[in-house]
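Chemist: Sharing a structure below in structure tokens format, with a few things to ask.
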Amino acid sequence: MKRRSFVVLFSALLSLTLTIQLHAQKIKVIVDQDARGPATTDMQSLLIFLQSDKFEVLGITTVSGDQWMKEETARTLRLLEIAGRTDVPVAEGALFPLLNSKEESERWEGLYGKLGYKGCWSDFSKRAHVPEAYRAGYHDPEVVPPLAEGEPHIKPIDESAAAFIVRMVHKYPGEVVIWAGGPMTNIALALRLDPQVATLAKELVLMGSGMYADSGGINGVDGRREFNWWFDPEAVRISLRAPWKKITITPIDISVKTNVSSEIHNAIAKADTPVARYLTQYSEPGFMWDELSAAAMIDPSIVTANKELYVDIDIDHGPSYGETLFWGPETKLPSYQRKATVQFDVDTKKLYDLYIKLMTQPPRGQ
Amino acid sequence: MSSSLMGPVTRRQFVTSSTAAMVAAGLGATAASAQSAGAASGAASMRVIIDTDPGVDDAFALLLAMRSPELKIEAITPVAGNVPLSLTLPNALRMVEISGRTDIPVAAGARTPLVRRLVTAAYAHGENGLGGAEFPEPKTKPVSEPAAELIRRIIRKYPGEVTLITLGPLTNIAAALGTDSELAGMVKGLVMMGGSLSGGNITPAAEFNIYVDPEAARMVFQSGIPITMVGLDVTRKTALTDDHVRTLAAGKSPVSQAAAKIARNAIDHNRAQGFLIGPNMHDSLALTAFLDPSILRFDDYYVDVEVNGELTAGQTLGYSPNQGDLRRTPEMQKKAESSMVIRGSAPTLAGTKISPVLRDKYIPNTRVALDLDSARFFELLIGRLSN
């Protein structure tokens, strides 16, 4: 009797250990996203996190950028329902950047020229071919227009994005990767709520900045004015100077080497899952800005060339507001400048194969 | 509590809403009397959170607040400023213990300004922040919540009731506002010690609290919260004297004794630094603007903060539509209300749609203290502390 209970206990312990190990192999990630929808690069990268069993998504935090945060939150909640992942909590983040504003951007344009893309401050509804995500045009910050993909039935949690980030890095010290696919307002605020966020997190991975690219920047000329970073430059300054263990950056330099082509679209259209149907209906060709950043966390060999660079941002409220600053790794700089691993080249076949596989697979079990 | 009760206020929309409030109150100085009437109308409207960086005059303001029975102090939230958080936090806890008010939650705030490196004013407040006056280590502990989260939670618990009294850099308030876009619309008001429309103290342009975190200050000024600014324009006229110290020293309570000790040390510290007068009671005057607004004279201004300047970073800039030869006619005021707010300097290039008459676009967001009755102020401060 005694021996039997020991065996039972032992095997229970063993299976528990195995479960923990299996769990431990997963990347605990907080996905911070300016989730314009439906089926933009923002949503497609969210789907990578939701569909891949490599991740344990602790939560999704929304932030204004490509769209206003309130609408993004509704689109994200709906996406979770479509992907069968209503187990993932969503926390609402910043509705406004720290200092930058629609008014300031318009003043900037009056002084220095038109910006090609301004996210939630843009209005593309009058153009000839308008994807669903841009059809409604500009609306005020609190407005949530009717969603083509359907209204969500679930709700965000009753905690701010910044507070959620603080709570998670304390709950799993040293384990949490913070992935940022949009402006960095929530991360900056989390750092000011609790400076330990940087040292308790495992890594900061982000899509943003631009270095040498001659396309992909938001005024069509200068690749160093990249949208995510330009939208809230002060938040980038706060985030990039914090003492993270590791920073990995997906800049536009590598994004512009990728494309959601009609081949990819057609391959996904062959599958008959809610996710594939959603993508087939709403996805448009375009650079895989955020998808690449997310996919490289699953398979790092997707990125074939990296550079170690010191990276920062210009926060002078003049012509260079929001432009990426960077220096070579040997540069002698003050100790507050941080080095980041910056991705520069991509194995597109690997990326596309992985993307199609994830987007056509059946919904993940909860 | 539903935010729709208060109506969400965005940075863009507050312009119209604050204008509506102003029109309702009758343009001009009547805003001051409206607030004092509100303050007297019941205990609920006297709920405050004190955000502070003690600091000699902060310590005085905290002692005054805890000796003011009409206040309902929901929290004290220290922030890095006059001295680092490692000192402002225990100093705040010391004041709470001296006042026998350890029931008030004290939450640790930001260690650094939002974007910039911390600049302190140990030259004015002594290395320990209390002019060198020594007090035992506090036994009371801060609550575990970060200050910005506690501020947010209390405001949401009492929407429309809480006034923020800010005596230091505005980092904690900015962090709370940044995380919660509905919060500004739920705050009753914000009374700050900070800024100046007549030159600075840490630089020729900037007052210390704003200079330490100009970015946070701009977020607050543009938040839509009704702001009362008690800046150097009036706080320069609040120097502590030896007479005040004698009155405090004669008081029997621990609060009076502690105030006398800090005052004595601070005056000595000031003399040793070569200053001709005792330290100004900046923060106590800001608190007084809430306790008894009739001691000060106010007018409405549009105030913004320079976050860029080479020589002027942290400067508060004020424009009044009520004063001087730029005074608006009712027609001009109506036009200003219906147009979009413009921020920043004038365009330098042709081809912009921005109106050349930029001043017509600025709508007051702040009640600025312009003068005070010093005698009545010290009567209230020294009277309450020594009583």
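The values are calculated or read from the model by the stated rules, or taken from the named source; none is laboratory data. The model shown is predicted, which means the values in this text are computed figures rather than measured ones. Positions of Cβ are generated from backbone atoms using ideal geometry, with glycine treated the same way; all protein chains shown enter the neighbour counts.
Chemist: Just the residues that are away from chain A (no Cβ under 14 Å), under 15 Å from residue B:199 (Cα atoms) and among the β-branched types (Val, Ile, Thr), please, taken from the range B:283-313.
Modeler: Answer for the range B:283-313, where residues must be away from chain A (no Cβ under 14 Å), under 15 Å from residue B:199 (Cα atoms) and among the β-branched types (Val, Ile, Thr): just B:303.
Chemist: If you check A:237, A:277, which single one turns out to be within 14 Å of chain B (Cβ to nearest Cβ) and at pLDDT 95 or above?
Modeler: A:237
Chemist: Restricting attention to the range A:263-296, and to residues there that are closer than 14 Å to residue A:346 by Cβ and in a helix (DSSP H, G or I), which single residue is nearest to the chain's Cα centre (by Cα)?
Modeler: A:290
Chemist: Which of the residues belonging to the range B:221-237 are surrounded by 24 or more Cβ atoms within 10 Å (Cβ to Cβ) and either without any contact (Cβ under 8 Å) to a residue 60 or more places away in the chain or more than 30 Å from residue A:234 (Cβ to Cβ) (or both)?
Modeler: Across the range B:221-237, the qualifying residues are B:234, B:235.
Yes/no matrix, rows are residues, columns are (1) of a type in the set (A, V, I, L, M, F, W, C); (2) surrounded by fewer than 21 Cβ atoms within 10 Å (Cβ to Cβ); (3) part of a helix (DSSP H, G or I); (4) without any contact (Cβ under 8 Å) to a residue 40 or more places away in the chain:
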site	(1), (2), (3), (4)
B:59	yes, no, yes, no
B:64	yes, no, yes, no
B:70	no, yes, no, no
B:80	yes, no, no, no
B:83	yes, no, no, no
B:114	yes, no, no, no
B:124	yes, no, yes, no
B:135	yes, yes, no, no
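Chemist: Identify the residue in the range B:139-149 that is closer than 30 Å to residue B:178 by Cβ and in a loop (DSSP other than H, G, I, E, B) and, among all such residues, is farthest from the other protein chains (Cβ to nearest Cβ). Reasoning before the result, please.
Modeler: Taking the range B:139-149 first, the residues closer than 30 Å to residue B:178 by Cβ are B:140-149.
When the remaining residues are screened for being in a loop (DSSP other than H, G, I, E, B), the result is B:140-142, B:144-146.
Values: B:140: 21, B:141: 17, B:142: 13, B:144: 10, B:145: 9, B:146: 4 Å.
Within the range B:139-149, the match that is farthest from the other protein chains (Cβ to nearest Cβ) is B:140.
Chemist: Further, regarding this structure: Please go through (1) surrounded by fewer than 21 Cβ atoms within 10 Å (Cβ to Cβ); (2) more than 30 Å from residue A:233 (Cβ to Cβ) for residue A:359 and return the number of the only condition it doesn't satisfy.
Modeler: (1)
Chemist: Could you list all residues from the range A:292-333 that are within 27 Å of residue A:118 (Cβ to Cβ), surrounded by fewer than 21 Cβ atoms within 10 Å (Cβ to Cβ), touching a residue at least 40 places away in the same chain (Cβ under 8 Å) and charged (D, E, K, R)?
Modeler: Result: A:312, A:314.
Chemist: OK, next. If we keep just the residues of the range B:296-335 that are surrounded by fewer than 20 Cβ atoms within 10 Å (Cβ to Cβ) and of a type in the set (A, V, I, L, M, F, W, C), which is farthest from the chain's Cα centre (by Cα)?
Modeler: B:332
Chemist: If you check residue B:102 against the conditions, is it assigned to a loop (DSSP other than H, G, I, E, B), out of contact with any Leu (no Cβ under 7 Å at 6 or more places or on another chain), touching a residue at least 12 places away in the same chain (Cβ under 8 Å) and more than 14 Å from chain A (Cβ to nearest Cβ)? Before you say what the answer is, go through the steps one by one.
Modeler: Numbers: assigned to a loop (DSSP other than H, G, I, E, B): yes; out of contact with any Leu (no Cβ under 7 Å at 6 or more places or on another chain): yes; touching a residue at least 12 places away in the same chain (Cβ under 8 Å): yes; more than 14 Å from chain A (Cβ to nearest Cβ): yes.
Considered against the rule, which asks whether it is assigned to a loop (DSSP other than H, G, I, E, B), out of contact with any Leu (no Cβ under 7 Å at 6 or more places or on another chain), touching a residue at least 12 places away in the same chain (Cβ under 8 Å) and more than 14 Å from chain A (Cβ to nearest Cβ), residue B:102 comes out as yes.
Chemist: Would you confirm, using the coordinates I've provided, whether residue B:199 is over 13 Å from the mean Cα position of the chain (by Cα) and within 30 Å of residue B:310 (Cα to Cα)?
Modeler: Answer is yes for this residue.
Chemist: Same structure, new question: Mind listing whichever residues of the range A:235-252 are touching a Ser or Thr at 6+ places or on another chain (Cβ under 9 Å) and surrounded by fewer than 24 Cβ atoms within 10 Å (Cβ to Cβ)?
Modeler: A:242, A:243, A:244, A:245, A:246, A:247, A:248
Chemist: Within the range A:89-124, how many residues turn out to be farther than 14 Å from residue A:230 by Cα, within 11 Å of chain B (Cβ to nearest Cβ) and of a type in the set (Phe, Trp, Tyr)?
Modeler: 1
Chemist: Among the numbered criteria (1) at pLDDT 95 or above; (2) surrounded by 14 or more Cβ atoms within 10 Å (Cβ to Cβ); (3) over 19 Å from the mean Cα position of the chain (by Cα), which single criterion is violated by residue A:109?
Modeler: So residue A:109 meets the others, but not (1).
Chemist: Out of the residues in the range A:156-173 meeting the condition of being part of a loop (DSSP other than H, G, I, E, B) and touching a residue at least 40 places away in the same chain (Cβ under 8 Å), tell me which one is farthest from the other protein chains (Cβ to nearest Cβ).
Modeler: The residue in question is A:172.
Chemist: Any idea how many residues of the range B:259-281 are over 18 Å from residue B:248 (Cβ atoms) and in a helix (DSSP H, G or I)?
Modeler: 1
Chemist: Could you please find all residues in the range B:173-213 being part of a loop (DSSP other than H, G, I, E, B) and within 14 Å of another protein chain (Cβ to nearest Cβ)?
Modeler: Residues satisfying the conditions are B:180, B:181, B:182, B:183, B:213.
So that you can scan it fast, the table gives a plain yes or no per residue for (1) touching a helix residue (DSSP H, G or I) at 6+ places or on another chain (Cβ under 6 Å); (2) under 23 Å from residue A:158 (Cβ atoms):
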residue	(1), (2)
B:127	no, no
B:140	yes, no
B:150	no, yes
B:154	no, yes
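Chemist: Can you go through A:197, A:177, A:205 and tell me which one is of a type outside the set (Gly, Ala, Ser), touching a residue at least 24 places away in the same chain (Cβ under 8 Å) and either within 11 Å of another protein chain (Cβ to nearest Cβ) or in a helix (DSSP H, G or I) (or both)?
Modeler: After ruling out the rest, the residue left standing is A:197.
Chemist: Name the residues in the range A:154-165 that are within 18 Å of the chain's Cα centre (by Cα) and either on the phi > 0 side of the Ramachandran plot or β-branched (Val, Ile, Thr) (or both), would you?
Modeler: A:165
Chemist: Looking at (1) out of contact with any Pro (no Cβ under 8 Å at 6 or more places or on another chain); (2) more than 29 Å from residue A:198 (Cβ to Cβ); (3) away from chain B (no Cβ under 13 Å), which one does residue A:53 not meet, given that it meets all the others?
Modeler: The failed condition is (2).
Chemist: Follow-up question, since we're still on this one. Name the residues in the range A:264-291 that are within 30 Å of residue A:340 (Cα to Cα) and crowded, with 21+ Cβ neighbours inside 10 Å, would you?
Modeler: Correct list: A:288, A:289, A:290, A:291.
Chemist: Within the bounds of the range B:357-373, is there any residue that is more than 21 Å from residue B:197 (Cα to Cα), within 12 Å of chain A (Cβ to nearest Cβ) and modelled with pLDDT under 75?
Modeler: Filtering the range B:357-373 down to residues more than 21 Å from residue B:197 (Cα to Cα) leaves B:357.
Okay, now just the ones that are also within 12 Å of chain A (Cβ to nearest Cβ), so none.
No, every residue in the range B:357-373 fails to be more than 21 Å from residue B:197 (Cα to Cα), within 12 Å of chain A (Cβ to nearest Cβ) and modelled with pLDDT under 75.
Chemist: Give just the number: which of (1) of a type outside the set (Val, Ile, Thr); (2) assigned to a helix (DSSP H, G or I); (3) out of contact with any His (no Cβ under 9 Å at 6 or more places or on another chain); (4) surrounded by 15 or more Cβ atoms within 10 Å (Cβ to Cβ) does residue A:115 not satisfy?
Modeler: For residue A:115, the failing item is (2).
Chemist: Now, a different point. Among (1) at pLDDT 95 or above; (2) under 18 Å from the mean Cα position of the chain (by Cα), there is one condition residue B:121 misses while meeting the rest; what is its number?
Modeler: (1)
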